[in-house]
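The values are calculated or read from the model by the stated rules, or taken from the named source; none is laboratory data. Nothing here was measured: the structure is a model prediction, and the numbers come from that model. Here the Cβ is made from the backbone with ideal geometry for all residues, glycine too, and neighbour counts use every protein chain on show.
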Amino acid sequence: MNRKQRRQMARLEPASALRQTSSSSAQRVGELFARAVQHFQAGRLMEAMQLYQQALLADPKHIGSLHHLGVVAIKIGRPEIAVDLIEQAIALNEANPTLHHDICFALSALDRHADAVRHAQRAIALKPDYTNAYLLLGDALLKLRRFDDAIGAYRQSLARDPAHAEAHNNLAEALFAQERLDEAAASFKEALRLKPDLVTAYNNLAMITFLGGDVLQALNVVMQGLQVNETAPLKSMFVTCARHAKSIPVSVAFRHYLVRAMTEPWGRPGATTTAAVTLVKQDPHIRQSIDRAVAAWPARLSCAELFGAEGLRATAGDRVLRALLQNTHAKDVALERFLTLARSALLDAITATAAPDGTGDDDIAAFACMLAQQCFINEYVFACGPDEQARVALLRGQVTAALRIGDPIAALPLAVIASYEPLYAIAGFEALAARSWPLGFDGLLTQQVREPLAERALRNEIRRLTSIEDDVSVLVQNQYEESPYPRWVKCALDETARPIDDRMRNDFPHARYRPVGRMDGLDMLIAGCGTGQQAVMMARQYEGARILAVDLSLASLCYAKYRTDTLGLTNIEYGQADILKLASIGRQFDVIACSGVLHHLGDPLEGWRVLLSILRPNGIMHIGLYSQLARTDVVATRDFLAMRGYRATIDDIRRCRQDILALDQASPARGVAERSDFYTTSNCRDLILHVQEHQFTLPRIKDFLANNGLELLGFQHDADVLLRYRRQFPDDPACTNLDHWHVYEQQNPRTFTGMYQFVVQKHA
Ligand SMILES: C[S@@+](CC[C@H](N)C(=O)[O-])C[C@H]1O[C@@H](n2cnc3c(N)ncnc32)[C@H](O)[C@@H]1O
């Protein structure tokens, strides 16, 4: 509704007030009404509305005007006024089926689904062949989760009009809600056959196809849908499918969407890494270069040996590779080896006078920049020999001297340095930002000079909320001051902020959820917010969110605040604090999120209890904890590293990674190389060299919930896992029986490799 319409609507007095002024003749009312209908049919709602109002002033009991004005009110987003008007019309003529039908739209917008059922049934009683009334009846029943009844209503509607696309679609939704996947898929397909632009049907059909295990076909359905309308759910479904795809579609469209999914982005850019790597390797020139690197590893190659005649141009020009390298860390051993050797080949090449055969300077510069950006993102995790380090130090010295005396600095050597160490490690690096550089270098300068400077400037803006004294807290703080976790470049696209009760009911429809019911904003705490990704996500997801995000590590908090400010979010306040001391800040919260944190405390349960003490009754907690069973690979690796005496330094992390990669594929300690965290320095440290790590089992979590007045609302897990669980345990549709989950996990030990992520509610 635009501003003018809102003003007009504000003038729409409740019809009871209009009643007192009726006196004009029936003829005048008839004329006004006829003119109003003309405007209405031509879509001129404001003009129509004025005339209906005039007609009602003349005759407050004019049913047509009450009815039509009600319909206008629905169209301009004032359903409460619509209900009032149409109810008056019904009071004057109870036997008019259209009135009962139309009021359903307004009631549905007000979530009064039981009333909508009543009116739809009355419309059908008055007019038994009223196809659309069956549809509305089905919709209201669907909202009330009376799936069998909804299916019955939709089938009645289709019996009268088999070509009704929406009826097929909504029937499919009801079948889908009952997990009757084959029937639902057939109905979605029929809906799309009848109406190929029914965009929600693509999303649902893709999800069903995905759940059925045909991820490739699901991707094709999503892409068909994206061509009709690029909705947020379809974009997010694209990421889900791309994340799970074992093979990918060979199509220009997939390449196009994948680049957009990573750069805009449509989900966490890391989610699509595997698909991106697969696609990059499909280029024959890049494939050959990667094969050469893998065959030669660890011996170094020249640019000509590594790239051949066309490899460098192909590599520099590959949009998927560029999107991957600039937006997330690449998780693939063969690609890593190629990039590592490419880096040393470039280091050699910048000392040579001529570019490698067949390759222009632009290709080298473009590739050097994207490689440097990748190395910064992965925090220089690639293997690096002492001779390379010495040569880079030499180059750094030359740049430092040139900066000091104002001599020119060539861009390419600077990019090569930036692929070995951050530009901010160069003495006087601040001056780099003031110089002019070729166009392609700007992104590199922003990443490695401007952003780190901006982050540092924020150090004084973050308040210290508690002291940090606990021995383990101090150790953990030191780790994350050196290695903030996780470094992220972009986060998923905006989600529509929704009220908490709405979101919880939607996410956990079978749970025994009690409304939090806050109307005046939601006080949220992100405890151990790290670099702010979760805070940003939750600030966008929850309507009225007022977030306090705390962490031990000032470096992480600066990283978080910089990204938050850049995204223009103003509802997150960052503070430095120890969870153990949070009771002292004198605040209470409606929602607390603490993911990937408690298992790093000396006593995780003590920290959890502190958080509970500042959670309001009925408050919600998002918790993420390590699973003991899912981390057997990590334990094996930690033992392996301890035996060899590795420490958490950058050199040791680089070396130990190569030792792990050299292990037999079947070795338990080699398993960590399958995890995304293995591919950046801080994440790798977090994964296998953490100063403090506890692990949990589901029985232990169950005990804690029972002893501390917490009700499990559900796990946050992939839809296919939840579906498999429900099929195995149909007596637990809410998926909250931890004994069942324990059995399920024993049978599927990798279920919680990414942690137990769940939501609980505190008893009032
Ligand atoms: C693995 S990171 C997880 C960060 C973030 N929750 C996420 O999921 O991206 C763990 C974070 O918890 C923080 N942390 C650990 N113990 C803490 C404590 N006692 N108080 C506050 N923060 C703590 C660390 O500083 C670190 O940033």
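For THR359, the criteria (1) modelled with pLDDT under 95; (2) hydroxyl-bearing (Ser, Thr, Tyr); (3) in a helix (DSSP H, G or I) hold in every case but one, which is (3).
For segment 448-492, filtered to residues that are in contact with a Lys or Arg (Cβ under 6 Å, 6 or more places away or on another chain) and not hydrophobic (A, V, I, L, M, F, W, C), the residue that is surrounded by the most Cβ atoms within 10 Å (Cβ to Cβ) is SER483.
The rows are residues; the columns are (1) closer than 15 Å to LEU56 by Cα; (2) under 32 Å from the mean Cα position of the chain (by Cα).
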{"position": "ILE74", "(1), (2)": "no, no"}
{"position": "GLU80", "(1), (2)": "no, no"}
{"position": "ALA89", "(1), (2)": "yes, no"}
{"position": "PRO97", "(1), (2)": "no, no"}
{"position": "HIS100", "(1), (2)": "no, no"}
{"position": "PHE105", "(1), (2)": "no, yes"}
{"position": "ASP111", "(1), (2)": "no, yes"}
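If you go through segment 458-500 and pick out every residue that is touching a Phe, Trp or Tyr at 6+ places or on another chain (Cβ under 9 Å) and more than 9 Å from the ligand (Cβ to nearest atom), you end up with 11. Can you tell me which residue within segment 268-299, out of those that are among the basic types (Lys, Arg) and at pLDDT 95 or above, is farthest from ARG675 (Cα to Cα)? Ranking the candidates gives ARG292 first.
Within the set ASP551, ASP502, ASP507, the sole residue that is modelled with pLDDT of 90 or more and within 20 Å of GLU455 (Cα to Cα) turns out to be ASP551.
Being within 9 Å of the ligand (Cβ to nearest atom) and crowded, with 20+ Cβ neighbours inside 10 Å is the filter here; which residues of segment 581-594 pass it? Residues satisfying the conditions are LEU582, ALA593, CYS594.
Return a yes/no flag: does segment 596-607 have any residue that is in a strand (DSSP E or B), surrounded by fewer than 21 Cβ atoms within 10 Å (Cβ to Cβ) and not polar (S, T, N, Q). The answer is no, given that none of the residues of segment 596-607 is in a strand (DSSP E or B), surrounded by fewer than 21 Cβ atoms within 10 Å (Cβ to Cβ) and not polar (S, T, N, Q).
Only one entry in ALA218, ALA163, ALA167, ALA125 is under 30 Å from VAL252 (Cα atoms) and at pLDDT 95 or above, namely ALA218.
Among the residues of segment 570-580, which ones are within 16 Å of the ligand (Cβ to nearest atom) and farther than 21 Å from TYR480 by Cα?
Once the filter is applied, which keeps residues that are within 16 Å of the ligand (Cβ to nearest atom) and farther than 21 Å from TYR480 by Cα, segment 570-580 yields nothing.
Residues considered: PRO668, PRO617. Of these, the only one that is more than 12 Å from the ligand (Cβ to nearest atom), more than 30 Å from ASN327 (Cβ to Cβ) and more than 31 Å from the chain's Cα centre (by Cα) is PRO668. Of all the numbered requirements in (1) more than 37 Å from the chain's Cα centre (by Cα); (2) modelled with pLDDT under 95; (3) hydrophobic (A, V, I, L, M, F, W, C), LEU312 misses one, and that requirement is (1). Within segment 506-538, the set of residues being under 19 Å from the mean Cα position of the chain (by Cα) and more than 14 Å from the ligand (Cβ to nearest atom) comprises ASN506, ASP507, PHE508. Listed by first and then second residue, the pairs linking a residue in segment 502-513 that is without any contact (Cβ under 8 Å) to a residue 24 or more places away in the chain to a residue that is among the hydrophobic types (A, V, I, L, M, F, W, C) and in a loop (DSSP other than H, G, I, E, B), with Cβ atoms under 6 Å apart and 6 or more places separating them unless they lie on different chains, form an empty list. LEU445 meets the stated requirement of being assigned to a helix (DSSP H, G or I), closer than 24 Å to THR681 by Cβ and within 31 Å of the chain's Cα centre (by Cα). ILE620 falls short on exactly one of the conditions (1) β-branched (Val, Ile, Thr); (2) buried (at least 21 other Cβ atoms within 10 Å of the Cβ); (3) within 29 Å of THR328 (Cβ to Cβ), and that condition is (3).
For ARG435, are the conditions met, namely being more than 16 Å from the ligand (Cβ to nearest atom) and within 19 Å of GLN716 (Cα to Cα)?
no
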